[in-house]
1. Being under 22 Å from residue 159 (Cβ atoms) and buried (at least 20 other Cβ atoms within 10 Å of the Cβ): is that true of residue 238 here?
2. Considering the stretch 78-94 alone, what residues qualify as being outside any helix (DSSP H, G or I) and closer than 20 Å to residue 146 by Cα?
3. Among the residues of the stretch 212-223, write down those that are in a helix (DSSP H, G or I) and surrounded by fewer than 16 Cβ atoms within 10 Å (Cβ to Cβ).
4. For the stretch 94-128, which positions are more than 30 Å from residue 34 (Cβ to Cβ), crowded, with 20+ Cβ neighbours inside 10 Å and touching a residue at least 60 places away in the same chain (Cβ under 8 Å)?
5. Go through the stretch 207-220 and give me each residue that's free of Cβ contacts under 8 Å to residues at least 12 places away in the same chain and touching a helix residue (DSSP H, G or I) at 6+ places or on another chain (Cβ under 6 Å).
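No lab work stands behind these numbers, since they all come straight from the coordinates. Everything numeric here is computed off the predicted structure, so don't read it as measured data. Note that each Cβ is placed from the backbone with ideal geometry, even for glycine, and that neighbours are counted across all protein chains shown.
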């Protein structure tokens, strides 16, 4: 396999939601060859409908950062981490796997507005979206014979996506519930930061922050400049609050694809390195070098020369 093939985005495009769905199924079958997908399929179909505005009493998703592709990417990351954990020696029941995947699918449902909510976009719920997601999930499974007694566990798992959540201080019902929470919290970060269009979408994230009442950034450029600090914080969070479960992805890529690299960390590192370069070279003009298209290879203007006369480099 060539170095180009050993790129996360070249394994699978998260923009192709059907392909992601099929890959998640393939991964789960590596864990349980006779897995019953009925619960996952129902949740997947309903979350897709929710984001598309086809779910009863809800409007379509109107966000560009926390969109359906983000949810799909996070759920895929959950599946990969679950598989890697099993390869590393952990064990799950089929119900555990269902709860992990469903938590990924529903972790951002709280951004979707109800049909009588005409003001603004779903970004206004940024600071409360986790609790709204929990409410959606609890309503969804309140009378479900399999999950109705696990609503508090779902709640704990979803709260692990909060960057200010003190996971070490939480009282989970079981070690497995704690592991599922750490997997989701890790997948939420891996899923977005490793995306091929992560840097471009940060400009949309800034707009969501403004509407959501987050005042940590003064401009899109300020957010880009502080992304390196966020990356450093994320690396610490991976190992401290989230228990190092990010390491499970290496076991997955090694077993599933025969690639002895953590492609998530590699993709994130490439994104941050590219951002560092364009900030250093172009300052306020760096945004004109965030031009990736949704499909196809990088365009010529995305390539930055290594130096005078040197070969170009792309992320």
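1. It is true that residue 238 is under 22 Å from residue 159 (Cβ atoms) and buried (at least 20 other Cβ atoms within 10 Å of the Cβ).
2. Correct list: 91, 92, 93.
3. The one that is in a helix (DSSP H, G or I) and surrounded by fewer than 16 Cβ atoms within 10 Å (Cβ to Cβ): 222.
4. Within the stretch 94-128, 112, 122, 123, 125, 126 meet the criteria.
5. Scanning the stretch 207-220 gives a single hit, 217.
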